[in-house]
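To start, the structure itself, in structure tokens.
The values are calculated or read from the model by the stated rules, or taken from the named source; none is laboratory data. Keep in mind that what you see is a predicted model, and the values were worked out from it rather than measured. Note that each Cβ is placed from the backbone with ideal geometry, even for glycine, and that neighbours are counted across all protein chains shown. Accessible surface areas use protein heavy atoms only, side chains included; no ligands, DNA or RNA. Shrake-Rupley method; radii C 1.70, N 1.55, O 1.52, S 1.80 Å.
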Amino acid sequence: MIFLRRQLPLLITLVTGLLFAAQYYVPHPASEQMLTSATKWLQIVGGFALILGVTSLFHQHAVKIRRQEAGWGYSLVLYVGMLGTIAVGLWANGKESVEGTMTAFGWIYNYMMVPLQGTMFAILAFFIASAAYRSFRAKSREAAVLLVAAVIVMMGRVPLGEYLIPLSGDVSSWILNVLNSSVRRAILIGVSLGAVALSFKIIFGVERSYLGGGKE
Amino acid sequence: MTELPFESIVGAWVATGLTLLIFSFLYKDNPLFKLAEHLYVGVSVGYVIVKTYDTVIVHLVVKPIVENGEFALLIPVAIGMLMLTRYVPKAAWMSRYAFAFIVGMGAGLAIPRTVSSFILKQVEDTIRPLLSVTGPDSLTFSMNLLNPASHLNAIIILLGVSSVLFYFFFSIEHSGAGKAVARTGILFLMISFGAGFGYTVMARMSLLIGRLTDLIEFSDASYGRPTVWLSLLTIGALFLLARRGRAQPPDAH
């Protein structure tokens, strides 16, 4: 039984890992076809993973409603919003528009989801600004550099900024395309080295946390 | 003046109302904001479920099987179903097969592609010739800062990448010359963080302008001026909630 519960999953990881790592070095149509199918398979399995996540949300709010805990009315609103969207979406076959005409699902997307999402992220502008005011005071040389870079980039992104500081557009582009990209590149190289090392550890069974704990 | 369709007018009222409920958070955390926040989560999750159902179940599984007889697709369906055994404690171990398959495939796919695209390609773009040969006996060194491909910028990028990588390399002590390199790395990092911050702020500002533009558009008489009426209603509701909050001290409930 221990083979089925513990060793077979590790064997599956080893075989699939080596197989798909090797696929990259085989430029044969059959190999390309395998990659295309595998990508489709991953999408399908990923769809089932969504069920796991959503069920957890369903359960958490269902418990809140059943026990009538503080704020259970909000959980009810969440349920109504979710079930309503699912019902309307299935009715419209998941299409926002049919032959140029907006469906009810498209209406929910355009008049509920877009305003809610846009406003939710837009209010962050105020909080970022207030956080910046509190934390961006040039207390050290590094903080001053950060502050100056932020101000130049902000100025360079709007016509008014370019009008007030004529060079800000060019300097902003230089900061973003040269200085910022060099840092992003270094971080990307570092993260990639870590990802490759982790992938090897997973394939060869050194890293097993993805299998979860519990009994053997 | 052309009359607007009914769904557009209702949509304008709903969009304005929801926008104002979220904006009410700028005053303070309040039940109106919480209502909109939970509705946002509900609608978003519902939207993702419908889209996933349409993309995965309908277009990747049902249609290929029914129309083209691609029964091999039942294998990933079975693997996906194994994930759901998590809900049956005695059979939960079977979900490991699904995770092993996904993680193994992901790791296998990641290794060569990450090495190629994110390590070798990035190193190749960093270590570029510092001079160009333009004729039989002439070498050029371009100093144009505005051209990211200029030689001067190539040196700056090389300096930035090396110093930042060195800053994150903890196997040797950052002292002496190493300290100077690490401090250069910090300087580059600070500029990048500042640029990232500035860029994010402006992206959020762009969203804010979009929402305010909608509010201005919906204050038009053709929509029934929802911005005006719903702003008054929201302010009135916040006023009533504040009064009720004062009447009921926090420890009263």
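Numbers for the structure displayed
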read-out: Cβ pairs under 8 Å, 6+ apart, first in the stretch A:1-26 and at the interface with chain B (Cβ under 8 Å from one of its Cβ atoms), second basic (Lys, Arg) and open to solvent by less than 20 Å² (accessible area, probe 1.4 Å); value: A:Arg5/B:Arg96; A:Pro9/B:Arg96
read-out: Matching residues, the stretch B:183-199, being open to solvent by 40 Å² or more (accessible area, probe 1.4 Å) and at the interface with chain A (Cβ under 7 Å from one of its Cβ atoms); value: B:Leu187, B:Met190, B:Phe193, B:Phe197, B:Tyr199
read-out: Among the candidates B:Gly194, B:Gly198, B:Gly178, B:Gly236, residue that is at pLDDT 95 or above and not hydrophobic (A, V, I, L, M, F, W, C); value: B:Gly236
read-out: Those residues of the stretch B:24-48 which are open to solvent by 40 Å² or more (accessible area, probe 1.4 Å) and in a helix (DSSP H, G or I), in sequence order; value: B:Phe25, B:Leu26, B:Pro31, B:Lys34, B:Leu35, B:Glu37, B:Val41, B:Val48
read-out: Failed condition for A:Phe204, given (1) touching a Lys or Arg at 6+ places or on another chain (Cβ under 8 Å); (2) more than 7 Å from every other protein chain (Cβ to nearest Cβ); value: (1)
read-out: For B:Leu84: the one exception among (1) within 7 Å of chain A (Cβ to nearest Cβ); (2) among the hydrophobic types (A, V, I, L, M, F, W, C); (3) in contact with a Ser or Thr (Cβ under 7 Å, 6 or more places away or on another chain); value: (3)
read-out: Members of the stretch A:162-199 found to be within 7 Å of chain B (Cβ to nearest Cβ), of a type in the set (A, V, I, L, M, F, W, C) and either open to solvent by 80 Å² or more (accessible area, probe 1.4 Å) or touching an Asp or Glu at 6+ places or on another chain (Cβ under 8 Å) (or both), listed by number; value: A:Leu193
read-out: Residues of the stretch A:135-158 satisfying the condition of being open to solvent by 60 Å² or more (accessible area, probe 1.4 Å) and of a type outside the set (A, V, I, L, M); value: A:Ser135, A:Arg137, A:Lys139, A:Arg141, A:Arg157
read-out: Pair list, Cβ under 9 Å, 6 or more apart: the stretch B:90-107 residue more than 18 Å from A:Met1 (Cα to Cα), other residue among the charged types (D, E, K, R); value: B:Ala107/A:Lys201
read-out: Residue, surrounded by the fewest Cβ atoms within 10 Å (Cβ to Cβ), within the stretch A:27-57, restricted to residues that are facing another protein chain (nearest Cβ under 9 Å) and farther than 18 Å from B:Gly106 by Cβ; value: A:Thr55
read-out: Given (1) open to solvent by 50 Å² or more (accessible area, probe 1.4 Å); (2) not in a loop (DSSP other than H, G, I, E, B), index of the condition B:Ser175 fails; value: (2)
read-out: Any pair with Cβ under 9 angstrom, 6 or more apart, that starts in the stretch A:159-182 at a residue that is part of a helix (DSSP H, G or I) and ends at one that is among the basic types (Lys, Arg); value: A:Ser168/A:Arg157; A:Gly169/A:Arg157; A:Ser172/A:Arg157
read-out: Unique match (being open to solvent by 40 Å² or more (accessible area, probe 1.4 Å) and within 31 Å of the chain's Cα centre (by Cα)) among B:Phe71, B:Phe101, B:Phe118; value: B:Phe118
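Let's see how each residue does on (1) closer than 30 Å to B:Asn144 by Cβ; (2) touching a Phe, Trp or Tyr at 6+ places or on another chain (Cβ under 6 Å); (3) open to solvent by 20 Å² or more (accessible area, probe 1.4 Å):
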site	(1), (2), (3)
A:Phe105	no, no, no
A:Gly118	no, no, no
A:Ile128	no, no, yes
A:Leu160	yes, no, yes
A:Glu207	no, no, yes
